[in-house]
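Asker: Let me begin by handing over the structure; questions about it come next.
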Amino acid sequence: MSKKITFPQGFEWGTATASYQIEGAYKEQGRGESIWDRFSHTPGNILDETNGDVACDFFHRYEEDIAIAKKLGLQVYRLSISWPRIYPEGTGEVNRQGIEFYRNVLKCLKDNGIKAAVTLYHWDLPQKLQDRGGWANREIVGWFETYAKTLYAELGDLVDYWITLNEPFCSCIKGYWVGDHAPGYHDYSMALATVHNILMSHGAAVKAYRKTGFKGEIGVTLNLNLAYPHNPDNPEDLEAAKRVNMQYNNLFADPVLKGIYPQGFFDYLEGRGVVLPTILPGDMELINQELDFLGVNSYYTIYAKADPDNWPLGMKQVTSGRNKTDADWEVVPEGMYELLKWIDASYHPKKIIITENGAASNDWVNQDGKVEDPNRIDYLRQYLTAINQAMNEGVPVKGYYVWCFCDNFEWAWGLSRRFGIVYVDYATQQRIPKESAYWLSDVIKNNGF
Ligand code: FCB
């Protein structure tokens, strides 16, 4: 029998989602094209050749989903705003129907007593802005600031937590270097330029929020993952793991929370021919805004083996042989514990919210009409135990959101990976809360397990 885990009073339990992954209605009510429409409609980019045209049809079914959320006792519902639904052309005229849609969703949450955590940017950039260079164009700082100000003015009275960006690592490194995410480029120097521009955009959005007088909290969500050396006795593996930690963690957390870039890492990259971003006076101050909370998304840890031929990081990712979820991510709860301790020791954020954590599994509806997902429950239990341990040692984690509320369009995996605690039958759009949803519901009731 495992021991009893209790969370402090006021700890907030929720789930997370993102606009492109759940909304569908991709051409309805004035929504413009996003880079994920373009990317997913280009053959070869999505594992199962699906796209977000319909996804979970949240656009038409949000009331049903929020009713389920309420029934489960969720305290916070995280969602994101589709930039091209607000600015179909990227800039210029605001699409009133887009604003209306989000006001309705947020009002519905409020009516059901659920707090709203709203991400400004969860990867669906207007294609019109991509056509002007996207995150590689420094002008985007102004475009993003205007977009943010519009959202504050139109929705600010209904939002409890604003999250400027979701996982800038993915927008920049996956989008512009690995290329498995939209817009699908393979240029490391350009990726670094986008890092600088996206982080300045974050800073500009926080700064603008402070001037509105709204009382909601504002922060950013970084995906932080610790990298460990494949062989801890091999100095080259140790160095390789350090570089991975720099690219995943320090490259984003250092500027946002300390106002500096990891210089040693920049020197290393420059030595390998990478062009460093242009940093103008005032840029670092802009990025380094005081935050109300740090959002942390984390699912796994990384094992790094030195591989000098692999430009520019000189490493390759290997497995450690542990259990894996259906996303092929290893289940390493102590990695979450160590990550939280590391964040606390390195940056001393006053408040941390785990804005995403969860597991993919090959779920199906059984003969009795139930969806049993014991592996997901086990994953959540293990990770929550690790988080609880870090909290008991003083790490200020104040909330936890499971990814995801429902199965959805999982980016390059398409519909082929199920992360939801609510099952979605894509043929009928029927929702079925999985066993993990009922388990989480009990955890929320008892504030522990
Ligand atoms: C995170 C993303 C989220 C979802 C999960 C599985 O990187 O923020 O949208 O795809 O992974």
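Asker: Looking at E285 and the list (1) within 26 Å of Y161 (Cβ to Cβ); (2) open to solvent by less than 70 Å² (accessible area, probe 1.4 Å), which single condition is not satisfied?
Answerer: E285 satisfies all of (1) within 26 Å of Y161 (Cβ to Cβ); (2) open to solvent by less than 70 Å² (accessible area, probe 1.4 Å) except (2).
Asker: Hey, another quick one. Among the residues of the range 87-140, what is the count of those that are among the aliphatic types (A, V, I, L, M), within 16 Å of the ligand (Cβ to nearest atom) and either farther than 16 Å from V195 by Cα or surrounded by fewer than 23 Cβ atoms within 10 Å (Cβ to Cβ) (or both)?
Answerer: Of the residues in the range 87-140, 3 are among the aliphatic types (A, V, I, L, M), within 16 Å of the ligand (Cβ to nearest atom) and either farther than 16 Å from V195 by Cα or surrounded by fewer than 23 Cβ atoms within 10 Å (Cβ to Cβ) (or both).
Asker: Of the conditions (1) under 20 Å from W135 (Cβ atoms); (2) of a type in the set (G, A, S); (3) open to solvent by 40 Å² or more (accessible area, probe 1.4 Å), G271 satisfies every one except a single condition; which number is it?
Answerer: Of everything listed in (1) under 20 Å from W135 (Cβ atoms); (2) of a type in the set (G, A, S); (3) open to solvent by 40 Å² or more (accessible area, probe 1.4 Å), G271 misses just condition (1).
Asker: Then there is this: Residue pairs, Cβ under 8 Å, 6 or more apart or interchain, first in the range 29-51 and within 23 Å of I99 (Cα to Cα), second assigned to a helix (DSSP H, G or I) and hydroxyl-bearing (S, T, Y). List them.
Answerer: Sorted first by the residue in the range 29-51, then by its partner, the pairs are S34/Y20; W36/Y20.
Asker: Going by the structure shown, is L192 under 16 Å from S82 (Cβ atoms) and open to solvent by less than 10 Å² (accessible area, probe 1.4 Å)?
Answerer: no
Asker: From the list W411, W403, which one is within 16 Å of the chain's Cα centre (by Cα), on the phi > 0 side of the Ramachandran plot and hydrophobic (A, V, I, L, M, F, W, C)?
Answerer: Only one candidate passes the filter, namely W411.
Asker: Please find, within the range 180-189, the residue that is farthest from the ligand (Cβ to nearest atom) out of those that are open to solvent by 10 Å² or more (accessible area, probe 1.4 Å) and over 14 Å from the mean Cα position of the chain (by Cα).
Answerer: Restricting to residues being open to solvent by 10 Å² or more (accessible area, probe 1.4 Å) and over 14 Å from the mean Cα position of the chain (by Cα), the top hit is S189.
Asker: Where in the range 342-449 are the strands (runs of 3 or more DSSP E), entirely inside, with at least 1 residues that are surrounded by fewer than 19 Cβ atoms within 10 Å (Cβ to Cβ)?
Answerer: Result: 397-403, 422-425, 430-433.
Asker: When Q130 is evaluated against the numbered criteria (1) closer than 30 Å to H186 by Cβ; (2) in contact with a Leu (Cβ under 6 Å, 6 or more places away or on another chain), which criterion, by number, is the only one it fails?
Answerer: Going through the list (1) closer than 30 Å to H186 by Cβ; (2) in contact with a Leu (Cβ under 6 Å, 6 or more places away or on another chain), Q130 breaks only (2).
Asker: Looking at this structure, is E64 surrounded by fewer than 18 Cβ atoms within 10 Å (Cβ to Cβ) and either among the basic types (K, R) or touching a residue at least 40 places away in the same chain (Cβ under 8 Å) (or both)?
Answerer: yes
Asker: Run down L286, L294 and say which single residue is closer than 30 Å to K215 by Cα, hydrophobic (A, V, I, L, M, F, W, C) and within 16 Å of the ligand (Cβ to nearest atom).
Answerer: After applying the criteria, what remains is L294.
Asker: So, one more: State all residues of the range 16-34 that are touching a helix residue (DSSP H, G or I) at 6+ places or on another chain (Cβ under 7 Å), open to solvent by less than 10 Å² (accessible area, probe 1.4 Å) and outside any loop (DSSP other than H, G, I, E, B); if no residue qualifies, say none.
Answerer: Residues satisfying the conditions are Y20, I22, S34.
Asker: Among the candidates G175, G156, which residue alone is of a type in the set (G, A, S), modelled with pLDDT of 95 or more, within 16 Å of the ligand (Cβ to nearest atom) and open to solvent by less than 10 Å² (accessible area, probe 1.4 Å)?
Answerer: None of the other options fit; the residue is G175.
Asker: Right, next: Could you list, ordered by first residue, the pairs with Cβ atoms under 9 Å in which the first is in the range 297-309 and under 15 Å from N231 (Cβ atoms) and open to solvent by less than 30 Å² (accessible area, probe 1.4 Å) and the second is more than 16 Å from the ligand (Cβ to nearest atom) and hydroxyl-bearing (S, T, Y), at least 6 apart or interchain?
Answerer: I302/Y228; Y303/Y228; Y303/T319; Y303/S320; A304/Y228
Asker: Determine if the range 159-169 includes at least one residue that is on the phi > 0 side of the Ramachandran plot, open to solvent by 10 Å² or more (accessible area, probe 1.4 Å), at pLDDT 95 or above and acidic (D, E).
Answerer: Checked against the condition, which is being on the phi > 0 side of the Ramachandran plot, open to solvent by 10 Å² or more (accessible area, probe 1.4 Å), at pLDDT 95 or above and acidic (D, E), the range 159-169 yields at least one hit.
Asker: Which ones in the range 39-61 are away from the ligand (no atom under 16 Å from the Cβ), buried (at least 17 other Cβ atoms within 10 Å of the Cβ) and not in a loop (DSSP other than H, G, I, E, B)?
Answerer: Scanning the range 39-61 gives F59, R61.
The values are calculated or read from the model by the stated rules, or taken from the named source; none is laboratory data. These numbers come from a predicted model, not from an experiment. Neighbour counts are summed over all protein chains in view; Cβ atoms, including those assigned to glycine, are modelled from backbone coordinates with ideal geometry. Protein only, heavy atoms only, side chains kept; ligands, DNA and RNA dropped before computing areas. Shrake-Rupley method; radii C 1.70, N 1.55, O 1.52, S 1.80 Å.
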